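Any read-out appearing in this document is the output of simple, stated calculations on the displayed coordinates, not a laboratory observation. Source: prediction; values computed, not measured. When we count neighbours, we look across all protein chains shown, and the Cβ atoms used for this are built from the backbone with ideal geometry, even at glycine.
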Ligand code: C5P
């Protein structure tokens with residue numbers, strides 16, 4: 001087998017806390033992460049050209065090693081000691097770019113899973129996660145996905161009980177927010193609140209969706225920025241439409257609401273699509289490996 005297809009699932013942050021800046025310039029985080037059914041579709045082909053490339057249906061996505069998917073292929077071949085191989089990756093992008101949904105990281109993790117399959121399961125999940133952590137902070141989570149607590153830069157993972165059944169409505173305004181820029185802003189912002197991570201973990205243990213919805217929180221929403229105001233407006237719209245809770249994911253700009261009722265979620269999606277270009281519904285995904 002020299003080629004295979006793989007889905008790359010988007011992630012949402014049920015909670016996001018920043019504990020402080022580290023000497024290496026990164027920030028220590030505590031995040032409850034959830035993968036969702038919205039996904040990119042990848043095709044991965046091995047050849048003997050020695051070259052790595054990624055094509056996608058979005059013209060502005062780089063096709064060289066600036067693309068995390070290409071970097072993942074490089075890191076995999078280095079780890080497998082097969083540097084002479086070539087890899088051709090094609091990506092159908094469905095996850096919005098610059099949304100805080102780990103689209104690029106999910107693609108990279110999908111390349112690692114797919115290549116591991118093509119190489120007969122050479123690496124364990126733990127080994128793949130180690131390779132992933134060297135590619136980007138969110139890539140390790142995306143290898144298995146599901147529901148997980150992520151700490152450190154985001155690469156220290158503990159699996160959590162599956163998210164109770166629910167419907168996400170995810171909406172992204174037209175602007176994107178730069179991740180390094182938002183991390184710089186948070187260094188000069190005194191954080192007024194932190195998420196009740198322990199409460200979320202308890203609610204997950206008990207399978208109580210209501211307790212999770214009540215505790216959705218992202219410290220990046222504390223930053224006073226005109227764009228974060230739009231995020232607040234989208235949250236209000238989602239709550240008006242019947243969401244049990246709503247929050248920004250990652251460094252934004254996408255916002256999601258959690259609904260217990262599918263019809264209400266669909267109605268909310270239609271209502272928000274009148275104002276915002278991107279709005280979709282999605283369901284939680286269980287761990288892949
Ligand atoms: O690891 P990754 O390349 O995805 O991170 C992108 C940027 O986000 C980093 O350059 C850094 O500015 C910021 N970051 C951070 N602390 C983290 C994760 C990311 O400061 N835990």
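Observations, loosely collected:
- Tally, over segment 122-138, of residues that are surrounded by 21 or more Cβ atoms within 10 Å (Cβ to Cβ) and under 12 Å from residue 33 (Cβ atoms): 1
- Scope segment 140-170; condition in a helix (DSSP H, G or I) and out of contact with any strand residue (DSSP E or B) (no Cβ under 8 Å at 6 or more places or on another chain); matching residues: 143
- Tally of residues being more than 16 Å from the ligand (Cβ to nearest atom) and on the phi > 0 side of the Ramachandran plot across segment 152-165: 0
- Condition check for residue 286: in contact (Cβ under 8 Å) with a residue 12 or more places away in the chain and assigned to a helix (DSSP H, G or I): no
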